[in-house]
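Here the structure comes first, spelled out in structure tokens, and everything after it is commentary.
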Amino acid sequence: MSVSTDVDSDVLIHPTACVETSELGAGTRIWAFSHIMPGVRIGKHCNIADHCFVERGAVVGDHVTIKNGNMIWKGVTLEDGVFVGPNVTFTNDRFPRSERFLRIRGHQPQEADWLVPTRVKTGASVGGGAVIIAGVTIGEFALVGAGAVVTKDVPAHGLVRGNPARLSGWVCECGRPLAPRAGMAVCAHCGLHFLEQDGGMIVRPGERRS
Amino acid sequence: MSVSTDVDSDVLIHPTACVETSELGAGTRIWAFSHIMPGVRIGKHCNIADHCFVERGAVVGDHVTIKNGNMIWKGVTLEDGVFVGPNVTFTNDRFPRSERFLRIRGHQPQEADWLVPTRVKTGASVGGGAVIIAGVTIGEFALVGAGAVVTKDVPAHGLVRGNPARLSGWVCECGRPLAPRAGMAVCAHCGLHFLEQDGGMIVRPGERRS
Amino acid sequence: MSVSTDVDSDVLIHPTACVETSELGAGTRIWAFSHIMPGVRIGKHCNIADHCFVERGAVVGDHVTIKNGNMIWKGVTLEDGVFVGPNVTFTNDRFPRSERFLRIRGHQPQEADWLVPTRVKTGASVGGGAVIIAGVTIGEFALVGAGAVVTKDVPAHGLVRGNPARLSGWVCECGRPLAPRAGMAVCAHCGLHFLEQDGGMIVRPGERRS
């Protein structure tokens, strides 16, 4: 079942990986002992490290980095440029039960709407060991701190930490901390300018580099 | 070492799994890159997802769902109908040390009683990324929230969250929240009736469906 | 790619493991579905359990126990006798982003100094499911509680818990709790004597057994 041939001349699949789809974008790499289910589509130039699992119905954009030990479930969308640190836990069900056992106990089968979608937006990073509760949206270029348990939406460029995760700062596209003052911020590392808007931070119009 | 033949006509073992026991109950499925040790017994109609490990001395009942990336150690009992979300961490040792190194430093070998048992009772669910400290009992149909660190027992039908985990509500057999009032509760989803008893919730006598 | 021959008569490599180095010390064992990268050096009498990953540039001493589901990154040093519980998350980057995507957005490539080293000192233990933020040092024979998120250094023999982790006690070499009084402590289990020094605990001079 382990597929060691390349789907495309640019695609790399480790010989121990189990890849059951041919829809991998150019330049994408799948590493050791990872398992990509049938029907999955993964974008271009992604890197999926060891011991990962991607389920049919997950959405993985381009230039996404998925570190070791991750599971990307049906209902989870990782937009372009997302970084998922090691051992992150996504969830997709608010009322998890062992389904077959519920039926034995006389409960109705779960409705079709059990699945709760989660979205990680363009360029955002999820730190290692974080837990993402089903249903949240993590904004563009946000940063979820390692070990955080995210129970509600994270604004664009927001930095959250803790259990439950709370907003504790802002980060630039390049990942460095921002120190907003009087409704503005300039990244000391890369020079990108930001404005406060609706309680969040946005890149100053005209600044976006692509 | 990877075993791709079925132990039983009803049993499914993924070709990349390493299953070293033949004591799998009818209808049980073992998925990719999972490792079941010699001497393990697993009940009927269980589902053990990718990248799991089950150690000799673990007890796994019937209709148990074990999601990806889990390790079920010696000393851990999962009763019938338990749901273990992805990346849960069970532990079985209160004083973990690298054993051989301790001996080199002149310490006595660890006593036979180092192992601290953990029990997850019938129908309970453990959310993804939760950590269960050795020695706790998670009550019937309890729900451990994703990312919780459970340091003490959880009552039947209790919902716990946080690090350390604290009781923050009650859930029905079907997993939905209960809102007890005047010592009683009725599940708005499935209609099951509950009574308060000794600070916990029990299903009203005569209500049990099986 | 799976290597089932022994590198050394004393070394054990599970047939499903992928070991790409020959620099494993005598008596070291690598278990199922683990992946050791080229160029890695691992000390003597280590035990690396299932579903682990060790990256070139990681340092692993002698008599180290690494339980299941761990990733030891470049920049992480595990000194002699360290115990790493299951599902621990190490990190090695304070500003994690999907590198290729940053370049597309017009950012400079990350400097060579992106890597932040982490050190776990002799005999220390990291409990299951803990998260270790890049850059910390965990002192000799310290104990990181299961599920803790370690954001700053841990003193020798210190016990830390929580998210973020806080010092909550002291432990002996043998792992048992110490109850210091008037600047001294004696382990009730193994009899080792300790003195307070600079706000931490040290083994009384002359007591070290090796």
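The values are calculated or read from the model by the stated rules, or taken from the named source; none is laboratory data. Predicted model only: the values in this text are computed from it and were never measured. Cβ sites come from the backbone with ideal geometry, for glycine too, and all protein chains shown count toward neighbours. Protein only, heavy atoms only, side chains kept; ligands, DNA and RNA dropped before computing areas. Shrake-Rupley method; radii C 1.70, N 1.55, O 1.52, S 1.80 Å.
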Inset, instruction - Kindly check whether there is at least one residue in the stretch C:82-91 that is more than 12 Å from chain B (Cβ to nearest Cβ) and either in a loop (DSSP other than H, G, I, E, B) or in contact with a helix residue (DSSP H, G or I) (Cβ under 9 Å, 6 or more places away or on another chain) (or both). - result: yes
Inset, instruction - Residue by residue through the stretch A:93-119, note down the ones that are among the polar types (S, T, N, Q) and at pLDDT below 90. - result: A:Gln108, A:Gln110
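Pull up the stretch A:37-59, narrow it to residues that are of a type outside the set (Val, Ile, Thr) and assigned to a strand (DSSP E or B), then point me to the one that is surrounded by the most Cβ atoms within 10 Å (Cβ to Cβ). Walk me through how you get there before you give the answer.
As a first pass, look at the stretch A:37-59 and keep what is of a type outside the set (Val, Ile, Thr): A:37-39, A:41, A:43-47, A:49-53, A:55-58.
In the following step, the residues that additionally are assigned to a strand (DSSP E or B) were identified as A:41, A:47, A:53, A:56, A:58.
Details: A:Arg41: 15, A:Asn47: 19, A:Phe53: 27, A:Arg56: 14, A:Ala58: 24.
Of everything passing the filter in the stretch A:37-59, A:Phe53 is surrounded by the most Cβ atoms within 10 Å (Cβ to Cβ).
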Inset, instruction - Go through the residues of the stretch C:96-107 one by one and say whether even a single one is away from chain B (no Cβ under 12 Å), assigned to a strand (DSSP E or B) and not hydroxyl-bearing (Ser, Thr, Tyr). - result: no
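Condition check ((1) within 20 Å of the chain's Cα centre (by Cα); (2) more than 13 Å from C:Phe95 (Cα to Cα)) across all residues:
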residue: A:Val144; (1), (2): yes, no
residue: A:Pro155; (1), (2): yes, yes
residue: A:Leu178; (1), (2): no, no
residue: A:Phe194; (1), (2): no, yes
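Going by what's in this entry, would B:Asn47 be described as farther than 27 Å from C:Pro164 by Cβ, touching a His at 6+ places or on another chain (Cβ under 7 Å) and within 12 Å of chain A (Cβ to nearest Cβ)? First the steps, then the outcome.
Working: farther than 27 Å from C:Pro164 by Cβ: yes; touching a His at 6+ places or on another chain (Cβ under 7 Å): no; within 12 Å of chain A (Cβ to nearest Cβ): yes.
In short, no.
Can you say whether A:Val160 is touching a residue at least 12 places away in the same chain (Cβ under 8 Å), under 26 Å from C:Ile132 (Cβ atoms) and under 24 Å from the mean Cα position of the chain (by Cα), as far as the supplied structure shows?
yes
When you look at B:Val82, is it modelled with pLDDT of 90 or more and open to solvent by 10 Å² or more (accessible area, probe 1.4 Å), yes or no?
no
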Inset, instruction - With the checklist (1) touching a residue at least 40 places away in the same chain (Cβ under 8 Å); (2) more than 13 Å from chain A (Cβ to nearest Cβ) in hand, flag the one item B:Asp153 doesn't pass. - result: (1)
Legend entry - Per-region count, the stretch C:193-209, residues modelled with pLDDT of 95 or more and out of contact with any Leu (no Cβ under 9 Å at 6 or more places or on another chain): 2
Legend entry - Residues located in the stretch C:90-120, provided they are touching a strand residue (DSSP E or B) at 6+ places or on another chain (Cβ under 6 Å) and in contact (Cβ under 8 Å) with a residue 40 or more places away in the chain: C:Phe90, C:Asn92, C:Thr118, C:Arg119, C:Val120
Inset, instruction - Search the stretch A:62-79 for residues that are without any contact (Cβ under 8 Å) to a residue 60 or more places away in the chain and facing chain C (nearest Cβ under 8 Å) and pair each with any residue that is of a type in the set (A, V, I, L, M) and part of a loop (DSSP other than H, G, I, E, B) when their beta-carbon atoms are under 6 Å apart and the residues are at least 6 apart or on different chains. - result: A:Val64/A:Val82; A:Asn68/A:Ala49
Inset, instruction - Sort out which residues of the stretch C:85-98 are on the phi < 0 side of the Ramachandran plot and open to solvent by less than 50 Å² (accessible area, probe 1.4 Å), and write them in order of number. - result: C:Gly85, C:Pro86, C:Val88, C:Thr89, C:Phe90, C:Thr91, C:Asn92, C:Asp93, C:Pro96, C:Arg97, C:Ser98
Legend entry - the stretch B:12-44, residues that are more than 13 Å from B:Val64 (Cβ to Cβ) and small (Gly, Ala, Ser): B:Ala17, B:Ser22, B:Ala26, B:Ala32, B:Ser34, B:Gly39
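Quick check on my filter: what residues within the stretch B:120-138 are out of contact with any Asp or Glu (no Cβ under 8 Å at 6 or more places or on another chain), part of a loop (DSSP other than H, G, I, E, B) and either facing chain A (nearest Cβ under 7 Å) or among the charged types (D, E, K, R) (or both)? Step through it out loud before you land on a result.
Step one: of the stretch B:120-138, the residues out of contact with any Asp or Glu (no Cβ under 8 Å at 6 or more places or on another chain) are B:125-133, B:135.
If we keep only those that are part of a loop (DSSP other than H, G, I, E, B) as well, we get B:127-130, B:133, B:135.
The answer is B:Gly127, B:Gly128, B:Gly129.
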